[in-house]
Structure formats: structure tokens, C-alpha cells
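What follows is a short report on a single structure.
The values are calculated or read from the model by the stated rules, or taken from the named source; none is laboratory data. None of these values were measured; they are calculated from a predicted model. With ideal geometry, Cβ positions are generated from the backbone for all residues, glycine too; neighbour counts draw on all protein chains shown. To get the accessible areas, we keep the full protein, side chains included, count just its heavy atoms, and leave off ligands, DNA and RNA. Shrake-Rupley method; radii C 1.70, N 1.55, O 1.52, S 1.80 Å.
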Amino acid sequence: WSEPLAEGAQVLRRYALAQADALLAEIENIAALNPFYHRITPGGHRMSVAMTNCGDFGWSTNARGYQYSREDEESGSRWPPMPALFRSLAVAAAKEAGFSGFNPDACLINRYEPGAKLTLHQDKDEKDLRQPIVSVSLGLPAIFQFGGFERDAATQRILLEHGDVVVWGGPSRLRYHGILPLKAGIHPQCGAFRYNLTFRRAF
Ligand code: MD5
Ligand code: FE
């Protein structure tokens with residue numbers, strides 16, 4: 001159930017399956033306080049992925065750029081604390097992939113609806129790029145694009161399904177990646193959506 005994708009990148013298939021219902025209940029609690037919102041990129045585009053966050057810092061984008069902040073500028077309140085279950089899952093998955101001592105201070109929650117996508121990008125808004133990112137997929141399956149170190153490098157396609165966890169560290173931390181437009185469907189636990197929890201050490 002553990003497949004290496006590239007140096008530093010490891011898929012833990014179905015690793016979060018037993019906790020999936022509990023994770024989804026926590027997502028509902030978080031979204032009741034800080035709702036999912038389609039943010040506007042610095043280029044003026046409305047993101048097709050809706051986002052909220054939990055933890056000390058939340059990632060967001062607006063006309064001025066990308067940032068990590070303690071407050072949600074939509075609700076004006078601080079991000080809800082990271083649930084203990086989220087933290088323990090992310091820490092255990094990181095350790096499983098060889099990154100012991102991972103201590104996330106930010107969890108971005110992405111919600112994909114049919115057609116929603118994430119174009120190829122790098123994650124580099126974090127202070128220490130030696131820290132891995134842990135990502136947990138829930139709900140509808142998505143095709144993940146795993147690229148190289150330049151935008152135009154060839155990409156691999158990887159199907160990510162309900163309960164799959166991926167740890168992105170080492171040299172893979174800076175690979176270009178994206179999500180192809182979500183195919184419509186109904187998932188028994190998540191309805192018409194895919195959720196992705198993205199655990200990071202922001203500062
Ligand atoms: C997602 N989210 O499925 C993905 C999971 C994001 C984002 O990309 O920025 O919100 S995280 C995937 C990731 C992170 C860091 C490195 C690599 C992939 N990679 O080397 O491919 O919603
Ligand atoms: Fe990313």
C-alpha cells in the first residue's frame with residue numbers, strides 16, 4: 001500500500017480510510033465557522049477550488065498575492081485550531097514516509113466540485129522547504145499531475161482516491177503539480193465533492 005513515486009514522494013494508499021468519516025465531520029465543523037470560499041488570484045481569476053483552513057496559519061490568495069495569515073479575511077476571525085485527529089494523522093503519515101518530527105502549523109482544506117482544477121504550480125510559500133507536505137484525499141477521485149522542476153517538463157498522472165495520503169518531501173517538495181478537472185460523480189460519504197487536506201509547516 002506504500003508506493004514511492006519519486007525521490008521523497010510516497011503514496012500511502014487508503015492510509016486515512018478508517019478515519020475518513022471522522023475527518024469529514026471535522027471538515028464540517030471547520031466550514032461552519034470559516035466557510036469554503038472561492039478566492040481571487042493575483043491575476044484576477046476566481047479559483048474553481050473553494051478553500052478554508054485550520055491551524056495557526058491559513059493559506060489564501062487575493063489581488064495582492066499569496067499569503068499565510070492567522071485570520072480569515074472573509075470571516076474576520078482566526079482559523080479554527082487544527083483538530084487532534086488531523087495532526088496525529090499527518091504526523092504519522094510523514095513518519096511512515098521517513099519524515100519524523102513533522103510539526104504542521106497550517107492545514108489548507110481544498111474542496112473540488114465537478115470541473116474544478118488546479119493548474120500546474122509549485123508550493124513555495126513556506127519558510128523551510130526541507131519540511132514535507134502531507135496531503136489527504138477524500139471523496140471523488142481525481143487525476144493528479146506530477147511534473148518536474150520546470151513547468152514544461154513531462155508529467156505523470158496518478159489517480160488519488162478516498163483515503164489516499166501522499167507525503168511530498170525531499171527533492172519532490174518543489175515539483176510542479178496540479179489536479180485535472182474533477183469528473184462529476186456522487187461519492188457515498190462526500191456527495192459531489194473531492195476534499196484535500198494539505199498539511200504544511202508554513203513558518
Ligand atoms: C490537492 N493541493 O490535491 C493538492 C495536494 C495545493 C495542492 O497542490 O497547493 O493546495 S498537495 C500536492 C503537492 C504538494 C507539494 C508537492 C507536490 C504535490 N509534488 O511534488 O507533486 O488539492
Ligand atoms: Fe500545490
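Some notes on this structure:
- Contacts under 8 angstrom Cβ, first residue in segment 165-185 being of a type outside the set (A, V, I, L, M, F, W, C) and within 9 Å of ligand 1 (Cβ to nearest atom), partner assigned to a helix (DSSP H, G or I) and open to solvent by less than 30 Å² (accessible area, probe 1.4 Å), 6 or more apart: G169/A94
Results for (1) of a type outside the set (V, I, T); (2) within 14 Å of ligand 1 (Cβ to nearest atom); (3) over 22 Å from L140 (Cβ atoms); (4) touching an Asp or Glu at 6+ places or on another chain (Cβ under 6 Å), shown as yes or no for each residue.
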site: S69; (1), (2), (3), (4): yes, no, yes, no
site: D72; (1), (2), (3), (4): yes, no, yes, no
site: S77; (1), (2), (3), (4): yes, no, yes, no
site: E96; (1), (2), (3), (4): yes, no, yes, no
site: N110; (1), (2), (3), (4): yes, yes, no, no
site: G115; (1), (2), (3), (4): yes, no, no, no
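- Checking each residue in segment 152-179 for being farther than 28 Å from D105 by Cβ and within 14 Å of ligand 2 (Cβ to nearest atom) picks out only T155.
Results for (1) within 25 Å of E96 (Cβ to Cβ); (2) away from ligand 2 (no atom under 16 Å from the Cβ); (3) assigned to a helix (DSSP H, G or I), shown as yes or no for each residue.
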| position | (1), (2), (3) |
| --- | --- |
| Q10 | yes, yes, no |
| R14 | yes, yes, no |
| A20 | yes, yes, yes |
| A25 | yes, yes, yes |
| E28 | no, yes, yes |
| A31 | no, yes, yes |
| P35 | no, yes, no |
| G43 | no, yes, no |
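- For segment 179-201, the set of residues classified as basic (K, R), out of contact with any strand residue (DSSP E or B) (no Cβ under 6 Å at 6 or more places or on another chain) and surrounded by 14 or more Cβ atoms within 10 Å (Cβ to Cβ) consists of R201 only.
- Qualifying positions in segment 163-178 - open to solvent by less than 20 Å² (accessible area, probe 1.4 Å), on the phi < 0 side of the Ramachandran plot and part of a loop (DSSP other than H, G, I, E, B): D164, G169
- Candidate set from segment 148-157 (those that are touching a residue at least 12 places away in the same chain (Cβ under 8 Å) and open to solvent by 100 Å² or more (accessible area, probe 1.4 Å)); member that is nearest to the chain's Cα centre (by Cα): R157
- Among the residues of segment 17-60, those identified as among the hydroxyl-bearing types (S, T, Y) and either loosely packed, with under 13 Cβ neighbours inside 10 Å or closer than 23 Å to F86 by Cα (or both) are Y37, T52, S60.
- For R46, the conditions (1) more than 18 Å from C190 (Cα to Cα); (2) in contact with a Phe, Trp or Tyr (Cβ under 7 Å, 6 or more places away or on another chain) are fulfilled apart from (2).
- For Q145, the stated conditions hold: it is farther than 27 Å from E26 by Cβ, among the polar types (S, T, N, Q), in contact (Cβ under 8 Å) with a residue 24 or more places away in the chain and surrounded by fewer than 21 Cβ atoms within 10 Å (Cβ to Cβ).
- The set of residues in segment 114-158 that are hydroxyl-bearing (S, T, Y) and not in a strand (DSSP E or B) contains only T155.
- Of the residues making up segment 92-104, those that are buried (at least 17 other Cβ atoms within 10 Å of the Cβ) and over 14 Å from Q10 (Cα atoms) are F102, P104.
- Whenever a residue of segment 6-22 is closer than 20 Å to P132 by Cβ and modelled with pLDDT of 95 or more, its partners that are among the acidic types (D, E) and surrounded by 19 or more Cβ atoms within 10 Å (Cβ to Cβ), lying with C-beta atoms within less than 8 angstrom and at least six residues away or across chains, give the pairs V11/D164; L12/D164; R13/D164; R14/D164; Y15/D164; A16/D164.
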